[in-house]
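S.K.: Shown below is the structure under consideration.
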Amino acid sequence: MRLRWVTRVFRIACVIVITGVIVFGCSDDTTCPCVGSQPTWSLPADSMNLAVLVSDYLTYEFERGALNHYPMCSGCDEEGLPFEIVFDPPLDFGDITFRYTERGDTLFRGTIVWMGTGAITYPTEFFDADEFERVSDPRRDPLSTEYFSVYPQFDEETFKAKADSAWQEVKTLDIVADFARKDYRVGVYMYPPTVGMFDPSVAKWVVFLYRGKVEI
């Protein structure tokens, strides 16, 4: 288990990250037999590509997804996802931000409200679930999977099992098959828009698909 510290001026909180490295298969775009002959989503080879996939916490049903591109980093992703996580705990209103370590770009941001309901404020534009297609499982597994939680509701083993269920629900999307044409990494975050009393009916699973320069 690896711990990442999430800092704020005056207050500090931690986000638990469990990293699992998985054996992977296909070696390149042209020889991988697990994906279709033509990609559906644009993933420029000279960019860092990041997809943000949002699912219901209770049912794992995929709801929407976003795809953005950023400048490629040099060596920042060799050991894991190049994320800096800044958590501002809610006294009344707070938020969590995932930033790109290379340049500080915001990759994901969600507000968290004490005894209220926050919202995902970045990415600002999403594709609805019906704009994605279902395909067969990609045979190229991610190089690693990381798990993030600010307010753990379960022990680590139970949380990881639930997070894996969220990943299993989205891994047959066409965008995952396109990411899997080359090496990629996955992150799974449980986003709680409300705290004070955890409300599973509004919580979300957020799956990050990352493809950058990493070549192992």
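S.K.: Which ones in the range 170-194 are in contact with an Asp or Glu (Cβ under 7 Å, 6 or more places away or on another chain), farther than 21 Å from residue 86 by Cα and not polar (S, T, N, Q)?
M.R.: 171, 174, 181, 182, 183
S.K.: Just checking, how many residues over the range 71-99 are within 16 Å of the chain's Cα centre (by Cα), in a loop (DSSP other than H, G, I, E, B) and not charged (D, E, K, R)?
M.R.: 3
S.K.: Another one. Quickly run through the range 64-83 and pick out the residues that are hydrophobic (A, V, I, L, M, F, W, C) and at pLDDT below 95.
M.R.: 72, 73, 76, listed by residue number.
S.K.: Among the listed residues 140, 211, identify the single one that is touching a helix residue (DSSP H, G or I) at 6+ places or on another chain (Cβ under 7 Å), of a type in the set (Lys, Arg) and closer than 18 Å to residue 80 by Cα.
M.R.: Criteria check complete, one pass: 211.
S.K.: Something else about it: Out of the residues in the range 69-98 that are charged (D, E, K, R) and in contact with a Ser or Thr (Cβ under 6 Å, 6 or more places away or on another chain), which is nearest to residue 109 (Cα to Cα)?
M.R.: Applying the filter and picking the extreme gives 95.
S.K.: Can you name every residue in the range 47-99 that is closer than 30 Å to residue 130 by Cα, surrounded by 17 or more Cβ atoms within 10 Å (Cβ to Cβ) and small (Gly, Ala, Ser)?
M.R.: 51, 55, 65, 66 - these are the residues of the range 47-99 that are closer than 30 Å to residue 130 by Cα, surrounded by 17 or more Cβ atoms within 10 Å (Cβ to Cβ) and small (Gly, Ala, Ser).
Residues checked against (1) over 19 Å from residue 66 (Cβ atoms); (2) among the charged types (D, E, K, R):
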| residue | (1), (2) |
| --- | --- |
| 82 | no, no |
| 96 | no, no |
| 100 | no, no |
| 103 | no, yes |
| 107 | no, no |
| 110 | no, no |
| 117 | yes, no |
| 120 | no, no |
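S.K.: Looking only at residues in the range 135-164 that are of a type in the set (Asp, Glu) and closer than 26 Å to residue 199 by Cα, which one is nearest to the chain's Cα centre (by Cα)?
M.R.: Looking at the filtered set, the residue picked out is 146.
S.K.: Check residue 23 against each of (1) assigned to a loop (DSSP other than H, G, I, E, B); (2) modelled with pLDDT of 80 or more and name the one condition it does not meet.
M.R.: (2)
S.K.: Return the residues of the range 77-115 that are touching a strand residue (DSSP E or B) at 6+ places or on another chain (Cβ under 6 Å) and of a type in the set (A, V, I, L, M); say none if nothing qualifies.
M.R.: 81, 85, 86, 96, 107, 112, 113
S.K.: Hey, could you check the range 84-93 for residues that are over 13 Å from residue 151 (Cα atoms) and not aliphatic (A, V, I, L, M) and say which is modelled with the lowest pLDDT?
M.R.: It comes out as 92.
The values are calculated or read from the model by the stated rules, or taken from the named source; none is laboratory data. Being a predicted model, the structure only gives us computed values, none of them experimental. FYI the Cβ positions are ideal-geometry reconstructions off the backbone, even for glycines, and counts take in every protein chain you see.
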